[in-house]
Amino acid sequence: MSAGWASAQGRPTRLVLLRHGQTPLSVERRFAGRGDFPLTDDGHAQAAAAARRLAGWSIDAVVSSPLRRTRDTAAYAAKELGLSVETDEGFVETDFGDWEGMTFGEARALAPEQVDRWLADPETAPPGGESFADAAARVVAARDALVDRYAGRTVLVVTHVTPIKVVVQQAMLAPLAALYRMHLDTACLTEVDCYADGPMVVRALNDTAHLDGSPGQRA
């Protein structure tokens, strides 16, 4: 893979990555992986605001994680864009296993040594769950397939925190531990250009301009 932006050739495939809107678990800062949680009222408002912002963008396809909170967020954008929603299992959130639905404090109180190992090593999975390393391999495969399928076009991917962080981490040629050093708000937008000859370029990260003044935007 070419490392420098100067070597990028041709028209990139642009990934517009939208995190789903607020859920009850994001308000309480709980682990939310494979659980199929709904959006809150504020989450629906955030999704609608993101859709209004995206309405004027040149987007060729809308792809969503299969979970309810992402599909419902994607539906707002798809309606504004006049497109259908395609689901892709590769962009589902990390499986947090036994910690699903817990706060960080609750998980640490239950299993402090396991939480410390998980924080220190992306290869370590929560009990009964998925490591960030395994999640990253899944997301990279899904990203590559998407870039091949929509080469040279712009795709809106409605997904979760971990998949978005992985795409950014890969674009920046950063170690996997960089996932621990990124913050993404609900309903934020992140843009990454993927060039056919290898390089990826981050154009925007955690953009929440469309949420200015909306309730719950930082949850």
Fill in the blank from the handout: Residues in segment 125-137 that are surrounded by 18 or more Cβ atoms within 10 Å (Cβ to Cβ) and either part of a helix (DSSP H, G or I) or at pLDDT below 95 (or both) total 3
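Return yes when His210 is touching a residue at least 60 places away in the same chain (Cβ under 8 Å), surrounded by fewer than 19 Cβ atoms within 10 Å (Cβ to Cβ), of a type outside the set (D, E, K, R) and outside any strand (DSSP E or B) and no when it is not. Don't jump to the end; show me each part of the working.
On the way: touching a residue at least 60 places away in the same chain (Cβ under 8 Å): yes; surrounded by fewer than 19 Cβ atoms within 10 Å (Cβ to Cβ): yes; of a type outside the set (D, E, K, R): yes; outside any strand (DSSP E or B): yes.
Against the criterion (touching a residue at least 60 places away in the same chain (Cβ under 8 Å), surrounded by fewer than 19 Cβ atoms within 10 Å (Cβ to Cβ), of a type outside the set (D, E, K, R) and outside any strand (DSSP E or B)), His210 qualifies.
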Exercise for the section: Could you tell me whether Val140 is closer than 30 Å to Gly82 by Cα and either buried (at least 18 other Cβ atoms within 10 Å of the Cβ) or small (Gly, Ala, Ser) (or both)? Expected result: no
Handout entry: Lone unmet requirement of (1) out of contact with any Lys or Arg (no Cβ under 8 Å at 6 or more places or on another chain); (2) buried (at least 18 other Cβ atoms within 10 Å of the Cβ) for Ser58
Key = (2)
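Matching residues to (1) within 25 Å of Glu123 (Cβ to Cβ); (2) hydrophobic (A, V, I, L, M, F, W, C); (3) touching a Cys at 6+ places or on another chain (Cβ under 9 Å):
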{"position": "His160", "(1), (2), (3)": "yes, no, no"}
{"position": "Ala171", "(1), (2), (3)": "yes, yes, yes"}
{"position": "Ala178", "(1), (2), (3)": "yes, yes, no"}
{"position": "Arg181", "(1), (2), (3)": "yes, no, no"}
{"position": "Thr186", "(1), (2), (3)": "no, no, no"}
{"position": "Thr190", "(1), (2), (3)": "yes, no, no"}
{"position": "Tyr195", "(1), (2), (3)": "no, no, no"}
{"position": "Pro199", "(1), (2), (3)": "no, no, no"}
{"position": "Asp207", "(1), (2), (3)": "no, no, yes"}
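Could you say whether any residue in segment 198-215 is on the phi > 0 side of the Ramachandran plot, of a type in the set (S, T, N, Q) and at pLDDT 95 or above? Before you say what the answer is, go through the steps one by one.
Initially, segment 198-215 is screened for residues on the phi > 0 side of the Ramachandran plot, giving 198, 206, 213.
If we keep only those that are of a type in the set (S, T, N, Q) as well, we get 206.
In the following step, the residues that additionally are at pLDDT 95 or above were identified as 206.
Yes, the conditions are met somewhere in segment 198-215.
For segment 152-165, name all the residues that are under 21 Å from Gly56 (Cα atoms) and either β-branched (Val, Ile, Thr) or surrounded by fewer than 23 Cβ atoms within 10 Å (Cβ to Cβ) (or both). I'd like the intermediate steps shown before the answer.
Looking only at segment 152-165, we keep the residues that are under 21 Å from Gly56 (Cα atoms), and these are 152-159.
Gly152, Arg153, Thr154, Val155, Val157, Val158, Thr159, listed by residue number.
Do you know which residues across segment 166-193 are within 21 Å of Asp72 (Cα to Cα) and either surrounded by fewer than 17 Cβ atoms within 10 Å (Cβ to Cβ) or not hydroxyl-bearing (Ser, Thr, Tyr) (or both)? Talk me through it step by step, then tell me what you get.
First, the residues of segment 166-193 that are within 21 Å of Asp72 (Cα to Cα): 184-191.
Within segment 166-193, Leu184, Asp185, Ala187, Cys188, Leu189, Glu191 qualify.
Considering every residue within segment 16-27, establish whether at least one is closer than 23 Å to Val147 by Cβ and surrounded by fewer than 17 Cβ atoms within 10 Å (Cβ to Cβ).
The first filter runs over segment 16-27 and keeps only residues closer than 23 Å to Val147 by Cβ, leaving 16-20.
Applying the additional criterion that residues be surrounded by fewer than 17 Cβ atoms within 10 Å (Cβ to Cβ) yields none.
No; the residues of segment 16-27 include none that is closer than 23 Å to Val147 by Cβ and surrounded by fewer than 17 Cβ atoms within 10 Å (Cβ to Cβ).
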Practice task
Collect the residues in segment 157-190 that are over 9 Å from the mean Cα position of the chain (by Cα), assigned to a helix (DSSP H, G or I) and of a type in the set (S, T, N, Q), keeping them in residue-number order.
Solution key: Gln169, Gln170
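The values are calculated or read from the model by the stated rules, or taken from the named source; none is laboratory data. Because the structure is a prediction, the values reported are computed rather than measured. Backbone-built Cβ (ideal geometry, glycine too); neighbour counts: all protein chains shown.
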